[in-house]
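The values are calculated or read from the model by the stated rules, or taken from the named source; none is laboratory data. Remember, predicted model here, so these are calculated numbers, not experimental data. A quick note on method: Cβ atoms are made from the backbone with ideal geometry, for glycine too, and the neighbour counts reach across all protein chains shown.
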Amino acid sequence: MTRTDGLARNGCLEATAVVPLLVARGLRDFGDGFAAVLLPAYLLALGLSPWQVGVISSAALFGSSLLTLAVGILGAHHERRQLLLAAACLMAVTGIVFSIAETYAVLLAIAFAGTMNPSAGSVSVFVPLEHAVLSRAVSAAGRTALFARYSLIGALAGAVGALSAATPDLLGRGGVGQLTAIKAMFVVYAMLGVAGYLIYRRIPRRPDPESGRAPSALGPSRKIVFKLAALFSLDAFAGGFVVQSLLALWLFQRFDMSLAAASLFFFWSGLLSAFSFPVAAWLSGRIGLINTMVFTHIPSSLCLILAAFAPTLWLALALLLVRAALSQMDVPTRSSYVMAVVTEAERPAAASVTSVPRSLAAALSPALAGAMFGSAFLAGPFLLCGVLKITYDLLLLSQFRHIKPPEEA
């Protein structure tokens, strides 16, 4: 294929595939935004303990990692459009089952097998598939900006979703029971899965550029990808201690925060995260992708540690909002960096290899955090998260500051 042919293909992809992916990301993150806040409130209302809430969060992340691994294997042999359609169907089923299930065993099973996302972020079976498509849509110079736009849309939608988590409280004023209202929101989550299915159907039915050839495993970039996967796993394990559902649980327990107030807080924190993405793209063009990831991440971790010991709700929320403005700036830069330092043929495998260990590592810590929240050591998850994340940042800087993507070379 000539360079002209490649540019023409990318222009077609931008018009026919990227726009549906951006819309689908927005709808999905809207659902994840309210589900992450409502999940602990729903489980506590059913009489589950904080430890059980943590176990369900771990099961959701662990199941997502295995599903992502399966998609990574199937992605070499199946059209990504079909895999996205199947994932959207699973999202619809997840919402329906959550709306009718009340027993711990059933909730644990559907959390493991479904798409419910307690982190309300980029941990999702959809993301590696979409990353592999997006990375072909623009040149190296525009790649980080496209990933920032993709993350911005998702974060804005997630913020609005978090705000809508106040709906059960609003319905309660009209006499609707909280459990009934939360169940209705899970039905909305299912409907968003159906909407995603319809949107993914708009992606042209065509084979990927790699089809007709043997699936490409990691080759010359194997060592780099494995190193990144190990470091990203440490970061994800740390982040699992304060996924959004557990952060909401901490606010409920530490400060007796209402569902409406928590939803408003997560709305503003989501907005701050969203608008940090274009800033990250701008900053990375001046100081580089790795420096942007590290020098925004460390201050956010320090804010998290300080929030654990904040004596008042307002101080804790202020520190957490500063953290929200900084902590996600590594999301588009990390995705762009992985796609930049591997060959085009290795990109799908690299996306899967760096995503699956992250999800597996993130699945281990919520149960530990739930146990800590059930004890007197409420600050424990925040401390562990902050210290481990700072360790990750220093290791990333020392190992990769000299490995530059093409646009920085």
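Just a few scattered comments:
- Of all residues in region 252-267 being within 26 Å of G31 (Cβ to Cβ) and aromatic (F, W, Y), the one that is surrounded by the fewest Cβ atoms within 10 Å (Cβ to Cβ): F252
Matching residues to (1) surrounded by fewer than 20 Cβ atoms within 10 Å (Cβ to Cβ); (2) small (G, A, S); (3) over 22 Å from Q244 (Cβ atoms):
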| residue | (1), (2), (3) |
| --- | --- |
| V37 | no, no, no |
| L44 | yes, no, no |
| S65 | no, yes, no |
| T68 | no, no, no |
| R80 | no, no, yes |
| A86 | yes, yes, yes |
| T94 | no, no, no |
| A101 | yes, yes, no |
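- Candidates G142, G174: the one that is out of contact with any Asp or Glu (no Cβ under 8 Å at 6 or more places or on another chain) and either assigned to a loop (DSSP other than H, G, I, E, B) or β-branched (V, I, T) (or both) is G174.
- Pick from region 323-363, criterion among the hydroxyl-bearing types (S, T, Y) and under 17 Å from L283 (Cα atoms), ranking: modelled with the lowest pLDDT: S335
- Pair list, Cβ < 8 Å and 6+ apart or interchain, from region 153-178 residues that are within 11 Å of L259 (Cβ to Cβ) to residues that are outside any helix (DSSP H, G or I) and not small (G, A, S): P168/V176
- Scan of region 173-213 for residues that are more than 27 Å from the chain's Cα centre (by Cα) and modelled with pLDDT of 90 or more, ordered by number: T180
- Matching option when the condition is touching a Ser or Thr at 6+ places or on another chain (Cβ under 8 Å) and assigned to a helix (DSSP H, G or I), among F30, F112: F30
- Note on region 268-364: enclosed helices (runs of 4 or more DSSP H) holding 1 or more residues that are surrounded by fewer than 18 Cβ atoms within 10 Å (Cβ to Cβ) and in contact with a helix residue (DSSP H, G or I) (Cβ under 8 Å, 6 or more places away or on another chain) are 289-308, 313-327.
- For the condition over 18 Å from L46 (Cα atoms) and either surrounded by 13 or more Cβ atoms within 10 Å (Cβ to Cβ) or at pLDDT 90 or above (or both), A162 qualifies.
- Sub-7 Å Cβ pairs linking a first residue in region 225-244 that is under 19 Å from K404 (Cβ atoms) to a second residue that is surrounded by fewer than 21 Cβ atoms within 10 Å (Cβ to Cβ), at least 6 apart or interchain, are V225/L218; K227/Q399; L231/L395, ordered by first then second residue.
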